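See structure below.
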Amino acid sequence: MSTITIRPATEADLPAIHGLMFELAVYEKAPEAVAATVEEYREDFRNGLFESHVAEMDGQVIGMTLFYMAYSSWKGKMLYLDDFVVTEECRRFGAGQLLFDAFLEEGRHRGCRLVKWQVLDWNDPALNFYRKNEAIIETEWWNGKKFLF
């Protein structure tokens, strides 16, 4: 079995990260909702709006987390996990756990009291993964959003 390496993403990884994000959007039955382009990723990455870790196997990016700092008025510093995906053919090799562990460690390193993310209520594999990692899955809060353009 090949070795999986987790590392901070670089600008050169952004096309692969964007591709994985689109793979996740297809899985979540919402590919038409993707509006952000690779070029927007580049600009926003350069401006520090998000960071990412990637999982590499045999020189190929096979997974990623995309996250950014946020703030909880109740808890203080928080790291928000916006996307987390391992390409389908590379699941079950442990890359997801390694990526999640690196994300948690990033939050600890930054002095965050909380890390947070969303998961779809029908995504049983993801729900099982998070429960295995002793995460709290909230069911009483509803998400709100408004598109600005």
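The values are calculated or read from the model by the stated rules, or taken from the named source; none is laboratory data. The shown structure was predicted, so the numbers you read here are calculated from the model rather than taken from an experiment. So basically every Cβ, Gly included, is an ideal-geometry build from the backbone, and we count neighbours across all protein chains shown. Heavy atoms of the whole protein, side chains included, go into the accessibility calculation; ligands, DNA and RNA do not. Shrake-Rupley method; radii C 1.70, N 1.55, O 1.52, S 1.80 Å.
Side notes on the structure shown:
- Counted residues, the range 72-91 - those being buried (at least 18 other Cβ atoms within 10 Å of the Cβ) and not in a loop (DSSP other than H, G, I, E, B): 8
- Selection status of Thr5, at pLDDT 95 or above, of a type in the set (S, T, N, Q), touching a strand residue (DSSP E or B) at 6+ places or on another chain (Cβ under 6 Å) and closer than 20 Å to Phe129 by Cβ: no
- Leu49 meets the conditions (1) assigned to a helix (DSSP H, G or I); (2) open to solvent by 20 Å² or more (accessible area, probe 1.4 Å); (3) touching a Phe, Trp or Tyr at 6+ places or on another chain (Cβ under 7 Å) in every case but one. The failed one is (1).
- Selection count where residues are under 15 Å from the mean Cα position of the chain (by Cα), in a loop (DSSP other than H, G, I, E, B) and free of Cβ contacts under 8 Å to residues at least 24 places away in the same chain, scope the range 92-125: 1
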